[in-house]
Amino acid sequence: MKIAIFGLGYVGLTAAGCLAREGHEILGIDISASKVTGINGGVAPIAEPGLDVLIADAVAGGRLSAAQAIGDGLDDSEIAIVCVGTPSMLNGSHNMSFIAEVSRQIATAVRRDRAKPLTVVYRSTIRPGTLDELVAPIFRSVLQGAIGVVELVYNPEFLRESVAVKDFFSPPKIVIGTHDGKPSANMDAMNAGLTAPVFYTRFREAEFTKFVDNTFHALKVAFANEIGRVCVDLGISAAKVHEIFVSDTKLNVSPYYLRPGGAFGGSCLPKDVRALQHIATDIGMAVPVIDNIIRSNDAHKHFLFTHATRGLQPGAKVLMVGLAFKADSDDLRESPSLDLARKLLQAGYALSIYDDTLDPTKLVGQNLGYGYSQLPSMACLLIDRAGAEAGGFDRIIDTNGRSAGLALGACEVVRLDCLP
């Protein structure tokens, strides 16, 4: 099929590369000129294992191209996938301005004389009711009597950064929301190569499932870290407690996100927890557990700082391994490591940072803005592998488990991705 994808960030570009590998013809739309130029040159503008090869192969094979504006690109497209950002606003709600604008652009660009409806698929995390109360009215106002030329679908993604390509081809589930909960022929065709449970439902149930998943993932991280803090304080092995706890897959669900270690961060969990808090407040519902997830995570960030610097005097030379929110990603958005770096600098430590995936010259969009707003001196702090292995550090703080691959000699290493 011919598929247009709006927004070439981590979700959109992964979808573009993976769908192109499946044989579809992809047109990617993004307002960033540098992204568009890079993609058309066969270069992925983000770090995601395996994605660079998919993008290069797709461009070389003529199955992927990118542009800054849609033009007449929808004329022969069967599907348009919306993957634009929905960042947090000051009150915790999602900013829906990008969703609204792209919806208007698609409604304006779609031809009124199409033989078959264009399936417009939304993958961005959005508040339940968004398709009914925001997206559909935009299409109705623009198309009026021609509203039948589009089919609206909500199809949440379940991709984890650093393993997104693997997750795309092996999803835990496929959730497809339509206005009446009935199947979509185009969605069935697009997902034909995937093996996973498929759930067809109405818009609102599909929209809410991502909130439920991400909030529970955040809750598991916060719970595991609270247990880990108690273990450390009592001289109990957090690793052994974790091993025992996750062995019970019958009652304790699964081991994912439950290992005591780093705080949660990134572009999904913090944003979606805050958004769910806002929704609950908006409808007058008390959710004390959810209200305290972010507080618990913030408390854990401070605990990690004190744990990593215990016995270390201000002025000491510190190497921090890992700045992005997880290994094999260059995503700095709400990365706990940025908070840690800032605390280390404020406490007077001589800080250097090594991250084998991060290249500050390649950061774009919100990732670029967030990184430098939280750590203005980032470019000066980052060092290469040779600098990291040169030694002379009083302590190494490993945030992502990558210190094991470095020749660090006998220097003391404190790992934060898993508590001892």
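Listed here are the residues, each with its yes/no results for (1) under 22 Å from P270 (Cβ atoms); (2) touching a residue at least 40 places away in the same chain (Cβ under 8 Å); (3) in the same structural domain as E48 (by TED's automatic domain parsing); (4) not hydrophobic (A, V, I, L, M, F, W, C).
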{"position": "S97", "(1), (2), (3), (4)": "yes, no, yes, yes"}
{"position": "A115", "(1), (2), (3), (4)": "no, no, yes, no"}
{"position": "L118", "(1), (2), (3), (4)": "no, yes, yes, no"}
{"position": "G145", "(1), (2), (3), (4)": "no, no, yes, yes"}
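Residues being over 19 Å from F211 (Cα atoms) and of a type in the set (D, E, K, R): count how many of those fall in segment 148-195. Of the residues in that region, 5 qualify. If you check A164, A136 for being under 17 Å from the mean Cα position of the chain (by Cα) and modelled with pLDDT of 95 or more, only one passes: A164.
Output the residues belonging to segment 14-41 that are among the basic types (K, R) and under 21 Å from L368 (Cβ atoms). Spell out how you get there, then give the answer.
Initial filter on segment 14-41 (among the basic types (K, R)): 21, 35.
Hit for segment 14-41 is K35, nothing else.
Exactly one residue out of D213, D248, D233 is of a type in the set (D, E, K, R) and part of a loop (DSSP other than H, G, I, E, B): that is D248.
For the structure I just gave you, tell me whether T130 is polar (S, T, N, Q), under 26 Å from T281 (Cα atoms), in the same structural domain as D188 (by TED's automatic domain parsing) and in contact (Cβ under 8 Å) with a residue 24 or more places away in the chain. Taking the combined requirement at face value, the residue satisfies it. Quick check: is even one residue across segment 50-66 basic (K, R) and under 21 Å from S267 (Cα atoms)? The answer is no, given that none of the residues of segment 50-66 is basic (K, R) and under 21 Å from S267 (Cα atoms). Cβ-Cβ distances below 8 Å connect the following pairs, each with a first residue in segment 150-165 that is without any contact (Cβ under 8 Å) to a residue 24 or more places away in the chain, a second residue that is among the acidic types (D, E) and not in a loop (DSSP other than H, G, I, E, B), and a separation of six or more residues or different chains: R160/D167.
Taken together, G148, G193 contain a single residue that is among the small types (G, A, S), over 23 Å from the mean Cα position of the chain (by Cα) and in a helix (DSSP H, G or I), which is G148.
Filtering segment 285-307 down to residues that are at pLDDT below 90 and over 24 Å from the mean Cα position of the chain (by Cα), which residue is nearest to K343 (Cα to Cα)?
So in segment 285-307, the residues at pLDDT below 90 come out as 285-290.
Now restrict to residues that are over 24 Å from the mean Cα position of the chain (by Cα): 285-288.
On the way: M285: 35, A286: 33, V287: 31, P288: 29 Å.
Once the filter is applied, the top-ranked residue is P288.
Could you list, in sequence order, all residues of segment 319-355 that are under 19 Å from I294 (Cα atoms), in a helix (DSSP H, G or I) and of a type in the set (A, V, I, L, M, F, W, C)? Passing the criteria: L338, L340. Suppose the filter is touching a strand residue (DSSP E or B) at 6+ places or on another chain (Cβ under 8 Å), within 30 Å of S32 (Cα to Cα) and surrounded by 22 or more Cβ atoms within 10 Å (Cβ to Cβ); does D355 pass it? So D355 passes the test. Can you tell me which residue in segment 62-97 is surrounded by the fewest Cβ atoms within 10 Å (Cβ to Cβ), limited to those that are part of a loop (DSSP other than H, G, I, E, B) and among the polar types (S, T, N, Q)? Checking each candidate, the answer is N91.
For segment 76-86, the count of residues that are in contact (Cβ under 8 Å) with a residue 24 or more places away in the chain, out of contact with any His (no Cβ under 8 Å at 6 or more places or on another chain) and charged (D, E, K, R) is at least one.
Would you mind stating whether G228 is closer than 14 Å to S296 by Cβ, in contact with a Gly (Cβ under 8 Å, 6 or more places away or on another chain), among the small types (G, A, S) and not assigned by TED's automatic domain parsing to the domain that holds S329? For G228, the condition - closer than 14 Å to S296 by Cβ, in contact with a Gly (Cβ under 8 Å, 6 or more places away or on another chain), among the small types (G, A, S) and not assigned by TED's automatic domain parsing to the domain that holds S329 - is met.
Counting only residues that are hydroxyl-bearing (S, T, Y) and surrounded by fewer than 16 Cβ atoms within 10 Å (Cβ to Cβ), which one in segment 14-54 is farthest from the chain's Cα centre (by Cα)?
Keep residues of segment 14-54 that are hydroxyl-bearing (S, T, Y), which gives 14, 32, 34, 37.
Then keep just the ones that are surrounded by fewer than 16 Cβ atoms within 10 Å (Cβ to Cβ); that gives 34, 37.
Values: S34: 21, T37: 23 Å.
Taking the candidates together, the pick is T37.
The values are calculated or read from the model by the stated rules, or taken from the named source; none is laboratory data. Since the structure is predicted, the reported quantities are computational estimates derived from the model, not experimental observations. Glycine gets a Cβ as well: all are built from the backbone with ideal geometry, and neighbour counts include every protein chain shown.
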